[in-house]
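Trainee: First the structure, then my questions, so here it is.
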Protein chains: 2
Amino acid sequence: MPHSPVLCTVDAVLLTLQQGALQVLLARRERAPFAGTWALPGGFIHPQEDADAQASALRVLQDKAGVRPPYLEQLATFSGPARDPRGWSLAVVYCALVPAERLQGLGDGVRLVNVDEVPALPFDHGAIVCQALERVRGKSQYSSLPVHLCGEQFTLPQLQAVYEAVLGEPLNKVSFRRKMDELAMLEPVPGALQGGGAHRPAQLYRLRPAFRRSLSLSPRGL
Amino acid sequence: MPHSPVLCTVDAVLLTLQQGALQVLLARRERAPFAGTWALPGGFIHPQEDADAQASALRVLQDKAGVRPPYLEQLATFSGPARDPRGWSLAVVYCALVPAERLQGLGDGVRLVNVDEVPALPFDHGAIVCQALERVRGKSQYSSLPVHLCGEQFTLPQLQAVYEAVLGEPLNKVSFRRKMDELAMLEPVPGALQGGGAHRPAQLYRLRPAFRRSLSLSPRGL
DNA sequence: GGAATAGTGTCTGTCAGACAGTATTGG
DNA sequence: CCAATACTGTCTGACAGACACTATTCC
């Protein structure tokens, strides 16, 4: 039974929506290697402490950003001798979606950057961010995934804007509303309307409890 | 820099099609724990030897089954303190698709079992097989994935039967051929027909070279 | 009443599936 | 010619998207 000297880590790609664009959370590295540079939040798996790799990822996000993401999904595992200068390493990477409202007052060691303006990142973090975006955009085409970027309550026009920001293309209003209706995951908040503009107020919706933790899939996309 | 005592392993779910049904490859465990029982082929990552976890999976499949699968995809990573009695472990699991013709003359330590008749497996291998089937069936609904279960050359009726076996439901012949045409990944083998029956012979097709390593996706499924 | 946005009714082109026809082999 | 399977032409119902209309607010 070989005792392998593999460095076991987790990294997290935390995405949110701000100013109509997807943002990814970066953390300033406190220790070598690459101390002082911005990278994905990550850390070693603590076997004595963590129930599994997902628990490690939750711990890392709690420690670095003080966030408990409502949606967290395993993205993939990256490994090899070259990605970390300390030696053969393995990173289980998770992808988190968080409503912007939960990310107020981030500390000094973390920041959000537009996914279209991500600087060069250490390790293979650049490729990891790309793969996360690919996954999120892919799943958004046929599932309810983007609702996890919204807060508790939201209007259908707001939700459509979120889908359009993630997918990067405008959507048909009638089709979008038909699909949301078919997915049957939203319920109107009785009597709750979002006013404020000089126009008809919009009905507020919330996620049905059954869909809080699971996605809803549309057979033919969108 | 903590030296984590995490057991780093890879497991492989190798699927093939035999007698019109999906089969999964099991290997008899030679060592403890669970010595003598059937389980997914797996083993430790060898950092000195393996370029990454995928290389570990290829090495394991080569060693245990003598196979180099034409299609190999990372499924997910499973981890925790309870899945392996030796301690906190982490398994990067890969899913392989192999044409049945490449699995002739398997040794004594391996066997194929129908995925509907998989016995209770040690570790969390039962759940892993379920997740692999879910992934393969899901992807088969909108991609060219099942072609990797066919040999070099095949007819369209044969390919349709493969899709039907994987998906577990009959497909419309006209729609299926339209989709295969749209995917533009197959080319007829000039002058090659599959005869043998008392009926019109079928055109043989092969995968276009550009699609040997990548999948082709259909926007609206099937 | 006007501006602005929310929400809905209806038409139409496109596409998946059904059906039925033709094609080509062996016996 | 018959049986059996390969392949193809055409119709039809369903659905996505476009358009136009109504609804409701603030000013």
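Trainee: In square angstrom and rounded to 100, what buried accessible area do you get between chains B and A, total over both, with the probe at 1.4 Å?
Mentor: Accessible area lost upon association: around 2400 Å².
Trainee: For A:112-119, what's the mean count of beta carbons from other chains sitting within 10 Å of each residue's beta carbon?
Mentor: 0
Trainee: With a probe of 1.4 Å, find how much accessible area the protein assembly as shown has per residue, and write the answer as a whole number in Å².
Mentor: Solvent-accessible surface per residue comes out at 47 Å².
Trainee: Largest first, how would B:HIS148, B:HIS46, B:HIS199 line up by accessible area (1.4 Å probe)?
Mentor: Largest to smallest exposure gives the sequence B:HIS199, B:HIS46, B:HIS148.
Trainee: Go ahead and run the numbers for FRET between B:ARG68 and A:LEU222, Cβ-Cβ distance against an R0 of 35 Å, rounding to 0.05.
Mentor: The formula returns an efficiency of 0.35 here.
Trainee: Between A:GLN194 and A:LEU167, take the C-beta separation as r, use R0 = 30 Å, and let me know the FRET efficiency to the nearest 0.05.
Mentor: Using R0 = 30 Å, I get an efficiency of 0.85.
Trainee: Still on this structure, please answer the following. How large a share of the accessible area of the stretch B:3-108, in percent, is made up of carbon and sulfur atoms when the probe is 1.4 Å and the other protein chains stay in place?
Mentor: Answer for the stretch B:3-108 is 47 percent, counting heavy atoms of protein chains only.
Trainee: Convert each backbone phi in the stretch A:195-201 into a coupling constant with the Karplus relation 6.51 cos²θ - 1.76 cosθ + 1.60 (shift: θ = phi - 60°), then list the ³J(HN,Hα) values in order as whole Hz, x for Gly and Pro.
Mentor: Result, ordered by residue: x, x, x, 7, 6, 4, x Hz.
Trainee: Taking amide hydrogens as modeled 1.01 Å from N in the peptide plane, which residues meet the under 5 Å criterion relative to B:SER144, leaving out close sequence neighbours?
Mentor: Correct list: B:SER216.
Trainee: Could I get the Rg over Rh figure for the stretch B:145-211? Both from C-alpha atoms, Rh via Kirkwood, rounded to two places.
Mentor: Using only Cα positions, Rg/Rh for the stretch B:145-211 is 0.95.
Trainee: Can you name the chain B residue with its Cβ nearest the rotation axis from B to A, and give the distance in Å as a whole number?
Mentor: Output: B:THR77, 2.
Trainee: I'd like the Karplus ³J(HN,Hα) series for the stretch A:204-214: coefficients 6.51, -1.76, 1.60, θ = phi - 60°, whole numbers in Hz, and an x wherever there's a Gly or Pro.
Mentor: For the stretch A:204-214, the Karplus-derived couplings read 8, 10, 9, 6, 4, x, 4, 9, 4, 10, 10 Hz, x marking Gly and Pro.
Trainee: Something else now. Longest span of chain A, sites excluded, free of GluC sites (Glu not before Pro) in DSSP loop with at most 13 other C-beta atoms within 10 Å?
Mentor: That gives A:50-151 as the longest site-free run.
Trainee: Quick one: with label points 7 Å out along Cα→Cβ, list the inter-copy distances for B:ASP116 in nm, shortest first?
Mentor: 5.1
Trainee: Hey, another quick one. Averaged over A:45-53, how many beta carbons belonging to a partner chain fall within 10 Å of each residue's beta carbon?
Mentor: Taking the mean over all residues of the peptide, I get 6.
Trainee: How far is A:ALA35 from the same spot in each other copy, in nm, shortest first, if each label point sits 7 Å from Cα toward Cβ?
Mentor: 4.8
Trainee: Defining the label point at 7 Å along Cα→Cβ, can you sort the distances from B:ALA55 to the same site in each other copy, shortest first, in nm?
Mentor: Nearest first, the other copies' label points are 3.3 nm away.
Trainee: Would you list, by chain and number, the lysines whose Cα falls below 18 Å from the Cα of B:LYS139, excluding same-chain residues fewer than 8 positions away?
Mentor: The qualifying lysines are A:LYS139, B:LYS179.
Trainee: Over the whole of B:87-94, what's the average partner chain Cβ count within 10 Å per residue? Rounded to a whole number, please.
Mentor: Per residue, the average neighbour count from other chains is 3.
Trainee: At a probe radius of 1.4 Å, what is the per-residue accessible area of B:THR155, in Å² to the nearest 10?
Mentor: Rounded to the nearest 10, that gives 10 Å².
Trainee: Could you size up the charge dipole of the stretch B:145-211 around its Cα centre, putting +1 on the beta carbon of Lys and Arg and -1 on that of Asp and Glu, and report it in debye to the nearest 20?
Mentor: 160 debye
Trainee: Same structure again: Considering only C-alpha atoms, what is the centroid distance from the stretch A:192-211 to the stretch B:160-178, in Å?
Mentor: With the stretch A:192-211 and the stretch B:160-178 each reduced to a Cα centre, they are spaced 43 Å.
Trainee: For the ranges B:34-43, B:167-176, A:204-213, what's the packing order if you count other beta-carbon atoms within 10 Å of each residue, average per peptide, and put the highest first?
Mentor: B:34-43, A:204-213, B:167-176
Trainee: Now, a different point. Name the residues of the stretch B:193-222 whose accessible area, probed at 1.4 Å, falls by at least 30 Å² once all protein chains are in place instead of their chain on its own?
Mentor: Listed by number, the residues meeting the 30 Å² cut-off are B:ARG220.
Trainee: Continuing with the same structure: Please give the net charge around B:SER216, taking every other residue with its beta carbon less than 12 angstrom from that of B:SER216, where Lys and Arg add +1 and Asp and Glu add -1.
Mentor: +3
Trainee: A further question on this structure: What does the helix-only formula give at 222 nm for chain B: each DSSP H stretch with n ≥ 4 adding -39500 (n - 2.57), the total divided by the residues, and the result rounded to the nearest 500 deg cm²/dmol?
Mentor: Helix contribution divided over all residues of chain B: -7500 deg cm²/dmol.
Trainee: Output wanted: per-residue J couplings in Hz (rounded whole) for the stretch A:5-20, from phi through Karplus 6.51 cos²θ - 1.76 cosθ + 1.60, θ = phi - 60°, x for Gly and Pro.
Mentor: Result, rounded to whole Hz: x, 7, 7, 9, 10, 10, 10, 10, 9, 9, 10, 8, 10, 9, 6, x.
Trainee: Leaving out ligands, DNA and RNA, and with a 1.4 Å probe, what % of the accessible surface on the stretch B:126-222 is carbon or sulfur?
Mentor: 52 percent
Trainee: Once you treat every alpha carbon in the protein assembly as shown as an equal point and sum by Debye, what is log10 I(q)/I(0) at q = 0.07, 0.10, 0.14 Å⁻¹?
Mentor: One equal scatterer on each Cα of the protein assembly as shown leads to -0.42, -0.84, -1.38.
Trainee: What is the pair-distance distribution P(r) of chain A, computed from all Cα-Cα distances in 10 Å bins starting at 0, with each bin given as a whole percent?
Mentor: Final binned percentages: 7, 31, 32, 19, 8, 2, 0, 0.
Trainee: Further question on the same structure: Where both residues lie in the protein assembly as shown, what percent of DSSP beta bridges are antiparallel, nearest 5?
Mentor: Taking every DSSP beta bridge with both residues in the protein assembly as shown, the antiparallel ones total about 80 percent.
Trainee: Taking R0 as 22 Å, what FRET efficiency do you get between B:ALA127 and B:GLN18 from their Cβ-Cβ distance, rounded to the nearest 0.05?
Mentor: Plugging the Cβ-Cβ distance into 1/(1 + (r/R0)^6) gives 0.40.
Trainee: Could you grab the relative contact order for chain B? Cα pairs under 8 Å, six or more apart, rounded to a whole percent.
Mentor: Relative contact order for chain B comes out at 21 percent.
The values are calculated or read from the model by the stated rules, or taken from the named source; none is laboratory data. This structure is a prediction, so every number in the text was calculated from the model and none was measured. Here Cβ is always computed from backbone atoms with ideal geometry, including for glycine, and neighbour counts include all displayed protein chains. Calculation scope for accessible area: heavy atoms of the full protein, side chains included, ligands and nucleic acids excluded. Shrake-Rupley method; radii C 1.70, N 1.55, O 1.52, S 1.80 Å.
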